1. Name every residue in segment 1-46 that is in contact with a Ser or Thr (Cβ under 9 Å, 6 or more places away or on another chain), surrounded by fewer than 24 Cβ atoms within 10 Å (Cβ to Cβ) and of a type in the set (D, E, K, R), in order of residue number.
2. For segment 115-125: of the residues being among the hydroxyl-bearing types (Ser, Thr, Tyr) and in contact with a Gly (Cβ under 7 Å, 6 or more places away or on another chain), which is surrounded by the most Cβ atoms within 10 Å (Cβ to Cβ)?
3. Return the residues of segment 83-114 that are buried (at least 21 other Cβ atoms within 10 Å of the Cβ), in contact with a helix residue (DSSP H, G or I) (Cβ under 9 Å, 6 or more places away or on another chain) and of a type outside the set (A, V, I, L, M); say none if nothing qualifies.
4. Taking segment 64-88 on its own, how many of its residues are within 30 Å of Arg105 (Cα to Cα), touching a residue at least 40 places away in the same chain (Cβ under 8 Å) and out of contact with any Gly (no Cβ under 9 Å at 6 or more places or on another chain)?
5. Can you find, within segment 136-167, the residue that is surrounded by the most Cβ atoms within 10 Å (Cβ to Cβ) among those that are without any contact (Cβ under 8 Å) to a residue 40 or more places away in the chain and touching an Asp or Glu at 6+ places or on another chain (Cβ under 6 Å)?
6. Mind checking which helices (runs of 4 or more DSSP H) fall wholly inside segment 1-109 and carry at least 3 residues that are in contact with a Leu (Cβ under 8 Å, 6 or more places away or on another chain) and farther than 24 Å from Gln148 by Cα?
7. Taking the condition buried (at least 22 other Cβ atoms within 10 Å of the Cβ), closer than 24 Å to Val139 by Cα and either of a type in the set (Ser, Thr, Tyr) or at pLDDT 95 or above (or both), does Asp53 pass?
8. Where residues in segment 110-135 are outside any strand (DSSP E or B) and in contact with an Asp or Glu (Cβ under 6 Å, 6 or more places away or on another chain), which of them is nearest to Val158 (Cα to Cα)?
Amino acid sequence: MQIGIISDIHANRVALDAVLEDMPPVDGLVCAGDLVGYNPWPAAAVETIRDLDVPCIQGNHDRMAASDQNFRGNRMAREGVLYAREQLSSAQLTYLESLPIERTRFDGQVKIVHGHPEDPDRYTYPDAFGPDLLGDESVLVIGHTHVQHVEETANGIVLNPGSVGQPRDGNPDAAYALLDLDALAVDTRRVAYDISRVERAVAKADLPLRTAERLRDGR
């Protein structure tokens with residue numbers, strides 16, 4: 001069974017379209033959260049995931065957009081959340097609010113969280129990937145850091161597919177992963193997309209220009 005794994009789309013429709021076009025046929029697709037934030041297509045990101053009926057969890061930007069909360073010290077994050085609230089319909093905001101903070105899929109073999117199994121907002125970087133993160137599942141999927149990494153442990157696999165819409169591992173290409181659930185093997189993928197188009201859309205939406213500038217550096 002082949003499973004497509006995505007995370008941290010962050011309202012980047014261009015990157016999401018590139019990933020979905022590049023992805024080979026799969027038996028299932030899951031998302032580790034943060035559909036919205038930063039970039040200028042929050043409604044398109046939400047509707048694509050809903051139309052494809054992708055099991056998704058709630059990321060911190062999703063939660064902020066669906067509530068009266070917002071980021072304080074990070075202007076890019078704060079403006080992205082405000083923009084998402086303005087652009088999303090009440091039904092789309094309700095969808096984000098309804099997303100769970102974790103899911104277990106494929107007969108319990110795959111668990112999906114956003115930041116950490118014990119704290120959805122905790123950044124869990126590759127140096128913290130280890131068997132202690134795993135429970136009864138064979139594969140733990142984590143997002144949030146936007147850093148693509150796979151760690152095979154004594155208890156199973158810990159996987160961050162990287163970010164579709166805002167990579168932060170020095171590689172600007174959109175990231176995703178393919179999981180062979182039968183062989184318990186992961187293939188990490190990257191795909192180039194039209195960053196210039198995103199830059200123009202960010203400027204047109206009057207979002208912070210740094211939001212687009214960092215895309216070229218993968219930061």
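1. Hits for segment 1-46 are Arg13, Asp17.
2. As a first pass, look at segment 115-125 and keep what is among the hydroxyl-bearing types (Ser, Thr, Tyr): 123-125.
Of the ones still in play, those that are also in contact with a Gly (Cβ under 7 Å, 6 or more places away or on another chain) are 123-124.
Working: Tyr123: 13, Thr124: 24.
Result: Thr124.
3. Answer for segment 83-114, where residues must be buried (at least 21 other Cβ atoms within 10 Å of the Cβ), in contact with a helix residue (DSSP H, G or I) (Cβ under 9 Å, 6 or more places away or on another chain) and of a type outside the set (A, V, I, L, M): Tyr83, Gln92, His114.
4. So the answer is 1.
5. Filtering first and then ranking leaves Val158.
6. 75-87
7. no
8. Checked segment 110-135; the qualifying residue nearest to Val158 (Cα to Cα) is Phe129.
The values are calculated or read from the model by the stated rules, or taken from the named source; none is laboratory data. Remember, it's a predicted structure, so these values are computed and weren't measured experimentally. Heads up, the Cβs are rebuilt from the backbone with ideal geometry, glycines too, and the neighbour counts pull from every protein chain shown.
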